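To start, the structure under review is shown below, and the notes come after it.
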Amino acid sequence: MWGHVERVHPDGSAVAAAIRSAARLARPSVPPVPNYKLSMSIPEWLQAIQTYMKMLQYNHTGTQFFEIRKNRPLSGLMETAREMTRESLPIKCLEAVILGIYLTNGQPSVERFPISFKTHFSGNYFHHVVLGIYCNGRYGSLGMSRRSDLMDKPLTYRTLSDLIFEFEDSYKKYLHSVKKVKIGLYVPHEPHSFQPIEWKQLVLNVSKMMRTDVRKELEKFARDMRMKILKPSSAHSPGKERSRGKSLSPRRRQASPQRRACRRDKSPSHRPNQEETAGSEGHQTVTMPAVVDKQADLATLNEVGYQLRI
């Protein structure tokens, strides 16, 4: 971290040596978290939030103090935002977006959505994100950046395309060419929601599009967002599909094969009865079938020839 400070700070190694060799360092100030008052207008409230972020300062150390995973549920990200207010450490652009969502919760008239930029400068690509704001027919933004004109914008832009083009013009001042713009959906005002933030519902390759086409796509997307017709992609995730010929239920044990109903019963009780009758002229042996059993067997045979168990 100190090596990074020596490379990026104007005073180089001198400021790092002065801090590390100091016997006593002043206790860092902890800025108070802004509280909304009924007498404040929405622009004044947004300005108070941005002032609080500036008091936290931008993190130039090269080390990110708070872990932000974009796929986490909103409730987990709000817990990270509460940790930011407790620790009062410097933040970067992504942390500022999460903190801005946390501080604007409870204001249903203020719609929040992420805006991401991918730019190119001197052979390298850079990524930046701010929190877009829509309220009372006007657009603006909250955020943090090394450049003062690449973070917050006042709530004065009539259309979403005007806000995006303002950021694009600001990038041109620093010789950055904007390659892609990604815009997410409105973030719900429920801090305990398990729904993740939709970061890139609309992706525009602005470097290969005319401004008129970019404006047309942005205005169509902004209109759909205001009408609340767009849904997060997680809401359309398909369930577990059943493959053909296979069941999703657990397999049952294969039952033992049933005994053939028409199999011949060799038990002694079903052997034919033999009766010997004596005639006047001599001895004759006659085999007499069990008539009762025979009739019962015939009564339980169906038309195919199988015996039915009753």
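If the condition is being in contact (Cβ under 8 Å) with a residue 24 or more places away in the chain and open to solvent by 90 Å² or more (accessible area, probe 1.4 Å), then the range 214-227 contributes ARG215, ARG226.
Examine the range 34-44 for a residue that is β-branched (Val, Ile, Thr), surrounded by 13 or more Cβ atoms within 10 Å (Cβ to Cβ) and not in a loop (DSSP other than H, G, I, E, B), and state whether such a residue exists. Yes, some residue in the range 34-44 is β-branched (Val, Ile, Thr), surrounded by 13 or more Cβ atoms within 10 Å (Cβ to Cβ) and not in a loop (DSSP other than H, G, I, E, B). The set of residues in the range 55-94 being of a type outside the set (Asp, Glu) and free of Cβ contacts under 8 Å to residues at least 24 places away in the same chain consists of ARG69, GLY76, THR80, ALA81, ARG82, ARG86. Within the range 168-216, the set of residues being aliphatic (A, V, I, L, M) and either farther than 30 Å from GLY106 by Cα or over 15 Å from the mean Cα position of the chain (by Cα) (or both) comprises LEU175, VAL178, VAL181, ILE183, LEU202, VAL203, LEU204, VAL206, MET209, MET210, VAL214.
Can you tell me which of (1) outside any helix (DSSP H, G or I); (2) under 24 Å from TYR134 (Cα atoms); (3) among the small types (Gly, Ala, Ser) is the one ALA48 doesn't meet? The number of the failed condition is (1).
When the test is whether a residue is surrounded by fewer than 18 Cβ atoms within 10 Å (Cβ to Cβ) and either over 30 Å from SER207 (Cα atoms) or of a type outside the set (Ser, Thr, Tyr) (or both), SER122 does not pass it. Across the range 192-213, the qualifying residues are those that are touching a strand residue (DSSP E or B) at 6+ places or on another chain (Cβ under 6 Å) and in a helix (DSSP H, G or I), and the one among them that is most open to solvent (accessible area, probe 1.4 Å) is SER207.
Quick grid of which residues meet (1) among the aromatic types (Phe, Trp, Tyr); (2) under 23 Å from SER177 (Cβ atoms); (3) open to solvent by 20 Å² or more (accessible area, probe 1.4 Å):
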position	(1), (2), (3)
GLY100	no, no, no
LEU103	no, no, no
VAL110	no, no, no
PHE113	yes, no, no
TYR134	yes, no, yes
LEU150	no, yes, no
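Per the conditions (1) over 22 Å from HIS4 (Cα atoms); (2) surrounded by 12 or more Cβ atoms within 10 Å (Cβ to Cβ); (3) under 32 Å from the mean Cα position of the chain (by Cα), the sole criterion not satisfied by VAL30 is (3). Within the range 156-184, can you find the residues that are closer than 14 Å to VAL214 by Cβ and in a loop (DSSP other than H, G, I, E, B)? Once the filter is applied, which keeps residues that are closer than 14 Å to VAL214 by Cβ and in a loop (DSSP other than H, G, I, E, B), the range 156-184 yields only THR159. Flag: GLU67 matches the condition of being charged (D, E, K, R), in contact with a helix residue (DSSP H, G or I) (Cβ under 8 Å, 6 or more places away or on another chain) and open to solvent by 80 Å² or more (accessible area, probe 1.4 Å).
The values are calculated or read from the model by the stated rules, or taken from the named source; none is laboratory data. No experiment lies behind these values; they were computed from the predicted model shown. Note that each Cβ is placed from the backbone with ideal geometry, even for glycine, and that neighbours are counted across all protein chains shown. Keep in mind that these areas ignore ligands, DNA and RNA; they rest on the heavy atoms of the full protein, side chains included. Shrake-Rupley method; radii C 1.70, N 1.55, O 1.52, S 1.80 Å.
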